[in-house]
Amino acid sequence: IIRPQQQQAKKHAQMLASLTKGDKVVTNGGLIVEIKKVEETFFAVKFNNDVEGRLVKDAVMRKYEDEA
């Protein structure tokens with residue numbers, strides 16, 4: 001039971017480390033945001049054309065893949 005959880009946590013940490021400016025991510029709350037700047041414990045993100053903010057790295061659920 002513990003091993004799959006460890007593998008999933010390691011995979012999530014690698015995904016967070018690989019995120020860069022311009023990537024779109026889905027937050028735990030379901031918001032889709034674009035990363036504007038990578039900081040040590042936060043991401044500076046853009047919600048839409050006028051709204052920007054900061055997001056704790058732990059709040060990122062997954063990378064958003066455009067369904068085109």
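The values are calculated or read from the model by the stated rules, or taken from the named source; none is laboratory data. Since the structure is predicted, the reported quantities are computational estimates derived from the model, not experimental observations. Here the Cβ positions follow ideal geometry from the backbone for every residue, glycine too, while neighbour counts run over all protein chains shown. Side chains included, ligands, DNA and RNA excluded: accessible areas come from the protein's heavy atoms. Shrake-Rupley method; radii C 1.70, N 1.55, O 1.52, S 1.80 Å.
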Residue in segment 53-60 that is assigned to a loop (DSSP other than H, G, I, E, B) and at pLDDT below 95 present: no
Residue in segment 7-31 that is nearest to E65 (Cα to Cα), counting only those that are among the charged types (D, E, K, R) and surrounded by 15 or more Cβ atoms within 10 Å (Cβ to Cβ): K24
Residue tally, condition over 15 Å from T20 (Cβ atoms) and either open to solvent by 70 Å² or more (accessible area, probe 1.4 Å) or without any contact (Cβ under 8 Å) to a residue 12 or more places away in the chain (or both), over segment 59-68: 6
Sole exception among (1) out of contact with any strand residue (DSSP E or B) (no Cβ under 7 Å at 6 or more places or on another chain); (2) among the acidic types (D, E); (3) surrounded by 10 or more Cβ atoms within 10 Å (Cβ to Cβ) for E34, by number: (1)
Contacts under 9 angstrom Cβ, first residue in segment 46-58 being farther than 15 Å from L31 by Cβ, partner small (G, A, S) and open to solvent by 80 Å² or more (accessible area, probe 1.4 Å), 6 or more apart: none
Every residue from segment 16-38 that is part of a loop (DSSP other than H, G, I, E, B) and touching a residue at least 12 places away in the same chain (Cβ under 8 Å): L19, T20, K21, G22, D23, N28, G29, L31
